[in-house]
1. Pick from Glu117, Glu36, Glu11 the residue whose mean-square fluctuation is largest in a GNM of the chain, springs joining Cα atoms under 10 Å.
2. Name the residue, out of Pro60, Pro127, Pro40, whose mean-square fluctuation peaks in a Gaussian network model built on the chain with Cα pairs under 10 Å.
3. For a quick check, take a GNM of the chain with Cα springs below 10 Å and name the residue from Tyr74, Tyr61, Tyr29 with the largest mean-square fluctuation.
4. Using 7 Å Cα-to-Cβ label points, what is the Asp25/Asp64 separation (nm, one decimal)?
5. Going 7 Å from the Cα of Ile17 along its beta-carbon direction, which residues of segment 103-126 have the amide nitrogen within less than 17 Å of the resulting point?
6. Would you compute, from DSSP H runs of 4+ residues alone, the mean residue ellipticity of the chain at 222 nm, taking -39500 (n - 2.57) per run and dividing by the full residue count, rounded to the nearest 500?
7. With just the Cα atoms defining each centre, how far is segment 13-59 from segment 80-145? Give it in Å.
8. Based on C-alpha coordinates, I'd like the Rg and Dmax of the chain, in Å.
Amino acid sequence: MENINTLVGREGFSGEIDLFLLDVDGVDYWLWDSLEVVSPRVVMVEYQDMFSSDEAVTIPYRPDFDRFSVHPDYFGASLAAFVKLAHRKGYRLVGCNRYGYNAFFVLNDLACSYLPEVSIDSCLQHPKMIESKDARRSAVMGLPWEVV
């Protein structure tokens, strides 16, 4: 989080860009929250699909975060958390991948008639996600999650 703008800027990116993908299986929410050096038209993030549409949670920020030192499923943030962050940053949720763990956000003033906002619930319907949700969830619910 402390250096995301430096790292992205050092690679020659600044201002408007077309696409930003965020999938580090860690402090993803906090990285997008801190990102200021670029203004992507489209953002794709991997989210934790074990949470319902009304649970806006993320792992607490730690600069030395390593999910494997805690639990393989302890990382990232819920889709509801990312939607709240996206709205604050001027984006809308326009869809998710088929299996329901990557979300796509578009700037509010782009392609509104072609890419309308979708509900969080519409992204949490794949049978794979529904079938494994309870088992994965029970393994990490005793760990700290931060409501955002």
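Bear in mind that the values in this text are calculations on the coordinates, not laboratory data. Model, not experiment: these values are computed from the prediction. Reconstructed Cβ throughout: ideal geometry from the backbone, glycine too, with neighbour counts over all protein chains shown.
1. Taking springs between Cα atoms under 10 Å, the residue moving most is Glu11.
2. Pro127
3. Tyr61
4. 2.1
5. In segment 103-126, the label zone of Ile17 (backbone N under 17 Å from the point 7 Å along Cα→Cβ) covers 104-107.
6. Values: 4 runs with 39 residues, N = 148.
Calculated from helices alone, the mean residue ellipticity at 222 nm is -7500 deg cm²/dmol.
7. Here the answer is 11 Å between Cα centres.
8. Cα only, the chain: 15.2, 45 Å (Rg, Dmax).
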